[in-house]
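Report on the following structure.
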Amino acid sequence: MTQCQRLLVELEKGRRLSNLDMILELGIGNHTARISELRYDPAVQKRLIKRGLSLHTEMVTEHGKTFARYYLKSYKAVQEVLL
């Protein structure tokens, strides 16, 4: 299983993953590249669209440090926020 596949499986489980989570738990050192690959891979996009999901990034500040956390969100939830 590739790093992108492992990352996608974890996100599909409903997890919200930070850069540190990806490094320590999934062994993904270049998390920025893996996230980018997920965003722009047509097969991944088709899979997510089929399930009504999209990849989102939230910026989180804890203990004075700001970092990104990635997760999948349903289109329905996104539409509700926009309305």
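The values are calculated or read from the model by the stated rules, or taken from the named source; none is laboratory data. Small disclaimer: the values here were computed from a predicted structure and weren't measured. We place every Cβ from the backbone using ideal geometry, glycine too, and count neighbours over all the protein chains shown.
I need the full set of residues from region 23-48 which are part of a loop (DSSP other than H, G, I, E, B) and either in contact (Cβ under 8 Å) with a residue 60 or more places away in the chain or more than 14 Å from ARG6 (Cα to Cα) (or both), in order please.
Quick first cut of region 23-48, residues part of a loop (DSSP other than H, G, I, E, B) only: 27-30, 41.
Correct list: ASP41 only.
Pairs are defined by a Cβ separation below 6 Å, a sequence spacing of at least 6 or placement on different chains, a first member in region 49-62 that is outside any strand (DSSP E or B), and a second member that is at pLDDT below 95; the pairs so defined are GLY52/SER74; GLY52/TYR75.
Anything in region 2-20 that is in a helix (DSSP H, G or I) and in contact (Cβ under 8 Å) with a residue 12 or more places away in the chain? List them, or say none. Across region 2-20, the qualifying residues are GLN3, CYS4, ARG6, LEU7, LEU8, GLU10, LEU11, GLU12, ASN19, LEU20.
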